[in-house]
Each structure stands twice: as C-alpha cells, then as structure tokens.
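The values are calculated or read from the model by the stated rules, or taken from the named source; none is laboratory data. Computed from a prediction, not measured in an experiment: that's the story for all the values here. All Cβ positions, glycine included, derive from the backbone under ideal geometry; neighbour counts span all protein chains shown.
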Amino acid sequence: RDLREWIAREAEAATSNEDLARRFVAECRRTRTILPGSSTIERLCADALVEAERRIEDLIAHRITPTLSENLAHLLEDTVDGRVTRFVWLRQFEVGANSAAANRLMDRLEYLQRFDLPADLLDGVPAHRVPRLRRQGERYYADGMRDLPEDRRLAILAVCTLEWRSSLADVIVETHDRIVGRLYRASERLCNTRIADEKAAVRDTLKSFAEIGGALLGAQDDGTALDGIIATGPGWERFRTLVATASALTNVLAADPLSRVLDG
C-alpha cells in the first residue's frame, strides 16, 4: 500500500514511463522491497502516469469558472471566415517579417487576452506537464477536442490559451525586431548610396573652400586686406551657394539610418 501511494505521488513529477520506472526501482532498493517483474513494473508505472495525468487535468479544470468554461468552449465552435475553427486559427502563428504578419499576430494575441484565466491556474502543476498539455491540444482538431472528457478538454483549452498568449508575445517581439532590422538595413543602404552619389560634390566643395582658404591665408601673410578676397575671387553669390552646398552635404554625411527608421 505504501509503495502504491508513493508511486501515485511520484508519477506527477515523472517525465516518462522510463523515468518513473527508474524511480520505482530505486525506491524498492531503498526500502529493501522485493522487485516485481519488469512487466508488472511497466504496468504499475503506466497506470500511475495515467492517473496522475487525470488528477492534474481535474486540478486545472476545477479552477475554471463557468463563464470561462463557456468562453473556452466557443473556441471549438466559432469559425474564422467560415473556414477554420477559432481553436485551430489561434495556434497558426509564426514569426513574420512585415506589418501584415505583425497585425495577424496581434489579432490572435488580442483575442486570447479576452480570457480571464485564474492566476492560480497552474499552481501545483509540475512544469513539464504544461507543455505536454499544450502539445496535446496542438495535435487535436476541434472534433477530436469535443470527444474528450470534459475536464481533460477544459484543462487543455485553458493551458493552450495561456501558453499561446505567452508564445505570441515572444513571436510579436521577434517579428518587430525583424521588421526594424529590415528597415534599418534599407535605410543604411540608402544613406550609403546618397553619400556615394555626393562624392563629386563633396570633392568640388572642399576644393573651392581650400582655394578660398588659401587665398585668405596668402593675403594674411602678405599683409593685404582680406575684405576683397571673396569679391575678387568666387564672388559673394557663389560663396553663398558653396556654404549652402556644404551645409546640405554635411547633413547627408551625418545621416543616421536609425533616425530614418524612427521617422518611418
């Protein structure tokens, strides 16, 4: 009796039949209990795991309010565009690379956020049991889910809702990162192209300022008045154009790809 109670408790924490069998053998050795045959051990472990799974499903299901139960049931009845059930639609998501994909992900997350899941939904549930319930839900279509016992169906629906909500948030962040990364690379290419296109203008502008600067320094060295250097050289109108060109080129060279991304 003590060993049966032990295996019932241990089954909830076990990750597989093999894991539970190893624990069972170790416990028998610790308590100096005669080991039964391997087929008996296998059957005991299999039965204990099934019972443990049922207890966990019951634990989760009994924390679900009637209102939440009704809302979860709609996942198997409502359809999207009259083609696929809401349950199947919600689990169809992956990382995207554009705003349309991001909007589709947001639609699913916003829908899942409507469910008022209890804060203690998974209290006392071994961590490895949660992804297992999620995987079970992702293997079923709506018809298969409807055929399950009520507590099992509710537990799977609730866990899938909670897990998908968390996964969608991560996928949306990754999608956002991809979109921003793509925009940044495009902006970077544009900035580099503009810099390359203005290379001749930069060279000519620098050459003109070097000539004017040289003339000013020469006049300074000769003790000649500086006022007429511009007037007798390029002329004030041409000088104003050079200054405007230099200012525009400075903006091109200093352009930050990130600022273009932020500005859209």
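Annotations for the structure displayed:
- Test for residue 205: is it farther than 30 Å from residue 253 by Cα, β-branched (Val, Ile, Thr) and modelled with pLDDT under 95: no
- Beta carbons closer than 7 Å, at least 6 apart along the sequence or on distinct chains, never pair a first residue in region 91-111 that is not assigned by TED's automatic domain parsing to the domain that holds residue 136 and aromatic (Phe, Trp, Tyr) with a second that is modelled with pLDDT of 95 or more and assigned to a helix (DSSP H, G or I).
- Just one residue in the set 20, 3, 59 is within 19 Å of residue 125 (Cα to Cα), without any contact (Cβ under 8 Å) to a residue 60 or more places away in the chain and not β-branched (Val, Ile, Thr); that residue is 20.
- Residues (in contact with a helix residue (DSSP H, G or I) (Cβ under 9 Å, 6 or more places away or on another chain) and either hydroxyl-bearing (Ser, Thr, Tyr) or at pLDDT below 80 (or both)) located in region 233-256: 233, 234, 236, 239, 245, 249, 252, 253, 255, 256
- Restricted to region 79-94, and to residues there that are part of a loop (DSSP other than H, G, I, E, B) and within 28 Å of the chain's Cα centre (by Cα), the residue that is surrounded by the fewest Cβ atoms within 10 Å (Cβ to Cβ) is 81.
- Within region 117-140, being surrounded by 12 or more Cβ atoms within 10 Å (Cβ to Cβ) and aliphatic (A, V, I, L, M) holds for 117, 121, 122, 125, 130, 133.
- Flag for residue 143 being surrounded by fewer than 19 Cβ atoms within 10 Å (Cβ to Cβ) and over 18 Å from residue 56 (Cα atoms): yes
- The set of residues in region 155-205 that are hydroxyl-bearing (Ser, Thr, Tyr) and either out of contact with any helix residue (DSSP H, G or I) (no Cβ under 9 Å at 6 or more places or on another chain) or under 22 Å from residue 74 (Cβ atoms) (or both) comprises 161, 166, 167, 193.
Residue-wise test of (1) outside any helix (DSSP H, G or I); (2) modelled with pLDDT of 95 or more; (3) within 16 Å of the chain's Cα centre (by Cα).
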| position | (1), (2), (3) |
| --- | --- |
| 153 | no, yes, no |
| 158 | no, yes, no |
| 161 | no, yes, no |
| 172 | no, yes, yes |
| 177 | no, no, yes |
| 183 | no, no, no |
| 188 | no, no, no |
| 192 | no, no, no |
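- Filter result for residue 114 (surrounded by 14 or more Cβ atoms within 10 Å (Cβ to Cβ), in contact (Cβ under 8 Å) with a residue 24 or more places away in the chain, of a type outside the set (A, V, I, L, M, F, W, C) and not assigned by TED's automatic domain parsing to the domain that holds residue 24): no
- Apart from one condition, residue 143 fits all of (1) over 18 Å from residue 53 (Cα atoms); (2) in contact with a Leu (Cβ under 8 Å, 6 or more places away or on another chain); the exception is (2).
- If you filter region 146-171 down to residues that are hydroxyl-bearing (Ser, Thr, Tyr) and touching a residue at least 40 places away in the same chain (Cβ under 8 Å), you find that the one that is surrounded by the fewest Cβ atoms within 10 Å (Cβ to Cβ) is 167.
- Subset of region 28-78 [hydrophobic (A, V, I, L, M, F, W, C) and surrounded by fewer than 16 Cβ atoms within 10 Å (Cβ to Cβ)]: 34, 35, 46, 50
- In region 175-185, the residues that are surrounded by 13 or more Cβ atoms within 10 Å (Cβ to Cβ) and either touching a Gly at 6+ places or on another chain (Cβ under 9 Å) or not β-branched (Val, Ile, Thr) (or both): 175, 176, 178, 179, 182, 183, 184
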